[in-house]
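Take a look at the structure set out below.
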Amino acid sequence: MDTVFLARLQFAFTIAFHYIFPPLSIGLGVILVMMEFLYIKTKNKMYERMTKFWVRIFALTFAIGVASGIVMEFEFGTNWATYSRYVGDVFGSALAAEGIFAFFLESGFLAILLFGWDKVKPGMHFFATIMVSLGSMMSAVWIVVANSWQQTPAGYHIVGEGLSARAEITDFWAMVFNPSSIDRLTHTISGGWLAGAFMVMSVSAYYLIKNRHTDIAKSSFKIGLGLAVFASIFQLMTGHSSASGVARNQPAKLAAFEAHYDSLAAGDLYLFGWVDENNKVVNYGVKIPGMLSLLVYCDTKTPLRGLNSFDPADLPPVNFAFQTYHLMVAIGFALIGLSLLGLFLLWRKKLFTANWYLKLMIFAVLLPQIANQIGWFSAEVGRQPWIVYGLLRTSDAVSKNVEANQILFSLILFGIIYLLLFILFIFLLDQKIKHGPDEEEHVVNESTARA
């Protein structure tokens, strides 16, 4: 195994683990705002207990997310020194903005959210909840801006030559609003909303199956379902917009997503298949003829630029991009179906008696996480062989003085640490779910009232 492969594998592993938690924080943050708003509006103590319970889950995901995310910043210096020197002025400005405008906002108001229930007025506490939710989304804004600049660079110029060449920002707002940033941001945020919504529905379904905390479980399930319906449909819209942007700005990536080779032919939309990259065909595939051209150009006959028109050295791994992209889309439609099915059952007043659906929703919590992960895989692998699209190749971006055995050792070490972190997260999450929303406190209050 060479240095480039191991450096990519290590970064992919660390960011994949880290990316379990920010989407949950984004989704749960919005749900906390909805729950606390209902408490302030109705003065119903059930909503207060509900909010306090999910605040504890939010705090756990936030803590593990921060702990797992720090490593990646060091990797830029250890494994990707050439990349850091080349884009440090651009990438560093976005990371600095995240720290100033997002992380400090979120972490500053988090203390009030966690410990301020009896110390500040309800309005102030609700404001803190909003700020924490906003901070979690603002963090995504700047990370997505930085990554989107790698996909579609804008607002920069190159100074120096050879190994001393580096990118400098000439227009900060052009860098922020680069051609792919808005589409990718909305798609990422909606993915976070789905992760939080399905987490809430999963835990609520578990309580309903176990016949525990049924009042809170029913109300929290409805809140999660409402967000899931909106976010799943919004995710479809942002996904289409993002794919249209890829067609304009990264045509090789779109062609890889659908294994489209012939530039003289209209683009077909595959439902599934297996790409034979040597023979440039899709085996066992089922496709809708002309549908890709229809989605891109609103015409089923318009030819779409194919992979044959690109230098083979500039093409990504086609089958990997094809499979991850189609699995992401399939899960996206599954999330829409599950959400609308839940809405239908709620309308028919059968939602909380349909045990088959509740059992399904317990495990459906994994679907948004899988979709978020493989969506990132398809976007990043589809950009290859470029780490900055059209400017810097991944093979040229690694550190020159780091050896493969050093990266392998640190990868194994990180693997052990992250495994322990994940076990800790699952253990603590399980304990919090088993304890439930202030069950003991609620029993004491009821006993006092009866006395």
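Any read-out appearing in this document is the output of simple, stated calculations on the displayed coordinates, not a laboratory observation. This one's a predicted model, so the numbers in the text were calculated from it and none came from an experiment. Using ideal geometry, Cβ is built from the backbone for each residue, glycine included, and neighbour counts are taken over all protein chains shown.
Tabulated data for the structure shown
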| item | result |
| --- | --- |
| Total formal charge among the other residues, if their Cβ is under 15 angstrom from that of Val141, Lys/Arg +1 and Asp/Glu -1 | -2 |
| The chain: relative contact order as a whole-number percent, Cα under 8 Å and 6+ apart | 20 |
| Equivalent ellipsoid semi-axes, region 74-146, via Cα gyration tensor eigenvalues times 5, rooted, Å | 34, 11, 7 |
| Which of Met201, Val398, Gly290, positive extreme of dipole for region 3-440 (C-beta unit charges) | Met201 |
| For region 89-235, fraction of C-alpha pairs farther apart than 19 Å, in % | 66 |
| Cross-link table Lys119/Lys222; Lys222/Lys349; Lys121/Lys218; Lys218/Lys359; Lys45/Lys119, entries beyond 22 Å C-alpha to C-alpha | Lys119/Lys222; Lys121/Lys218 |
| Distance histogram in 20 Å bins (all Cα pairs of the chain, percent per bin) | 23, 53, 22, 2, 0 |
| Charged-residue dipole, Cβ positions (Lys, Arg, Asp, Glu), region 3-440 about Cα centre, Debye nearest 20 | 1700 |
| Rg over Rh [alpha-carbon atoms, Kirkwood Rh] for region 30-75 | 1.25 |
| Residue-count net charge about Leu343 - beta-carbon cut-off 14 Å; Lys, Arg +1, Asp, Glu -1 | +4 |
| Low-density loop cleavage sites - trypsin sites (Lys or Arg not before Pro) in region 157-261, where at most 15 other Cβ are within 10 Å (DSSP) | Arg212 |
| Alpha-carbon Rg/Rh ratio, for region 266-362, with Rh computed the Kirkwood way | 1.16 |
| Computed [θ] at 222 nm, deg cm²/dmol, the chain (DSSP H ≥ 4; -39,500 (n - 2.57); rounded to nearest 500) | -24000 deg cm²/dmol |
| Normalised per residue, the volume of the convex hull around the Cα set of region 370-443 (Å³) | 150 |
| Where labels lie 7 Å past Cα in the beta-carbon direction, separation of Asn319 and Thr214 in nm | 5.2 |
| Rel. contact order, % - alpha carbon contacts under 8 angstrom, at least six apart, region 72-191 | 27 |
| Over region 1-146, equivalent-ellipsoid semi-axes from the Cα gyration tensor in Å | 36, 15, 10 |
| DSSP-loop trypsin sites (Lys or Arg not before Pro) across region 28-116, with at most 14 other Cβ within 10 angstrom | Lys43 |
| Isotropically averaged projected area of region 5-56, using the convex hull of Cα atoms (one quarter of hull area), nm² | 3.6 |
| Alpha-carbon centroids, region 303-325 and region 163-216: separation in whole Å | 27 |
| Loop sites in region 382-427: trypsin sites (Lys or Arg not before Pro), DSSP, at most 15 other Cβ within 10 Å | Lys400 |
| Among Tyr39, Thr61, Val90 - extreme Cα towards positive end, dipole of region 1-113, charges at beta-carbon | Tyr39 |
| Inter-label distance, nm, simple model (7 Å from Cα along the C-beta direction), Ser241/Lys121 | 3.7 |
| Under the Debye formula (equal points on every Cα, no solvent term), log10 I(q)/I(0) of region 147-230 at q = 0.16, 0.24 Å⁻¹ | -0.70, -1.02 |
| Tilt relative to the chain, helix 366-381 - C-alpha long axis, 0 to 90 degrees, to 10 | 20 |
